[in-house]
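The values are calculated or read from the model by the stated rules, or taken from the named source; none is laboratory data. Nothing here was measured: the structure is a model prediction, and the numbers come from that model. Virtual Cβ from ideal backbone geometry, glycine too; neighbours counted across all protein chains shown. Just so you know, the surface numbers come from the protein's heavy atoms only, side chains and all, with ligands and any DNA or RNA stripped out. Shrake-Rupley method; radii C 1.70, N 1.55, O 1.52, S 1.80 Å.
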Amino acid sequence: MSSSGDARWREPTPETAFSMPWDAPLVPPFPLRFRDMSILTVCWRTDSAAIARFLPPPLEPIGDVALAHVYRMPDTDFVGEAHECNVMVGARLRRGAEVVEGGYSIGLYLDSDVGVAHGREVHGQPKKLAALRLETRGDLIVAEVERNGITILTGALPYKQVAASPEDLLGHFDFRTNINYKVIPHIDGSPAIRQLTARRLADVDITECWTGPCTVELRPNLQAPVFRLPVVEPLRGFFWRAGFTLVPGTVLHDYLAEANR
């Protein structure tokens, strides 16, 4: 099938390249389709002051619950196969009469250099490389996230015991809108970009969803400080399978533009 009509597949040139190196770009352009994903979402009550500490002003916290989504992504455009963990808290931004709510990412960990670069350079997501596992061990679904040889997060859920509605996933906050603090310097070290960004997933197709009590274990690592959201009480978790499309996002707040007014 010809792909000449798709700008992503045109022969790159220095003038049209989306990222570097221009003749073999690491970061792909939009849109990106993620297919046949398996996701374990663990939820826990944490310290509301700990959540507030992570949020750059003018973001405000929503509630006192943290989520960690651990993805097994077997078929993603440009990326191939990868795993990812997105640790989120609820956040709100007030812009006059408009209010934007979503999940603010305090840390993302994955095993794909494409995913790390795309997340950091385009979205401003705080991504770092890690080793991840999401697997079934007997009658338990287990996720492990490891960085620097330390398993920073272990989550578990009984295997497919109680069916759930996809809407149940949004009980704490609507994480489909992902908010991030994007910071990129100029070559001289001065700030080039300092923004709050948001993106919302498109064409979300959830084919199954299960719930039950979950367990969450965090271990300290200063280079992956999820432990700063201590587990006060583990809540319900979810195991779900889905596909979605990653599309361009928006700038919610531009700190540098505000400072220059």
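Could you give the accessible area per residue of the range 97-175, probe 1.4 Å, as a whole number in Å²? Don't jump to the answer; show the numbers that get you there.
Details: 3330 Å² over 79 residues.
Normalised by residue count, the accessible surface of the range 97-175 is 42 Å².
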*Using +1 at the Cβ of each Lys and Arg and -1 at the Cβ of each Asp and Glu in the chain, identify which of L134, P12, P56 lies farthest towards the dipole's positive end.*
P56
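Given the -39500 (n - 2.57) contribution per DSSP H run of 4+ residues, what per-residue ellipticity at 222 nm results for the chain, rounded to the nearest 500 deg cm²/dmol? Show your work: numbers first, answer last.
Working: 3 runs with 18 residues, N = 261.
Using -39500 (n - 2.57) per qualifying helix, the result is -1500 deg cm²/dmol.
Tell me the relative contact order for the chain as a rounded percent, counting alpha carbon contacts under 8 Å between residues six or more apart.
So the answer I get is 21 percent.
Carbon-plus-sulfur fraction of the accessible area of the chain, 1.4 Å probe, in percent? Numbers along the way, then the final one.
On the way: 6660 of 12710 Å².
Of the solvent-accessible surface of the chain, carbon and sulfur hold 52 percent.
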*What is the Cα centroid distance between the range 100-163 and the range 9-75, reported in whole angstrom?*
10 Å
*Express the relative contact order of the range 1-136 as a whole percentage, based on alpha carbon pairs under 8 Å and six or more residues apart in sequence.*
18 percent
_Out of the trypsin sites (Lys or Arg not before Pro) in the range 142-234, which ones are loop residues according to DSSP with at most 15 other C-beta atoms within 10 Å?_
K160, R176
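Under unit Cβ charges (Lys, Arg +1; Asp, Glu -1), what dipole magnitude, rounded to 20 debye, does the range 209-258 have relative to its Cα centre?
On the way: 4 positive and 4 negative charges, 60 e Å.
It works out to roughly 280 debye.
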*asked:* Let me spell out the model: positive unit charges on the Cβ of Lys and Arg, negative unit charges on the Cβ of Asp and Glu, origin at the Cα centre of the chain. What dipole size does that give, in debye rounded to 20?
replied: 540 debye
*asked:* To check you understand DSSP bridge types, tell me what percent of the beta bridges within the chain (both residues inside) are antiparallel, rounded to 5.
replied: 95 percent
*With springs only between Cα atoms under 10 Å, which of G96, G107, G212 fluctuates most in a Gaussian network model of the chain?*
G96
*Farthest toward positive dipole pole in the chain [+1 Lys/Arg, -1 Asp/Glu at C-beta], among V27, W44, G249*: W44
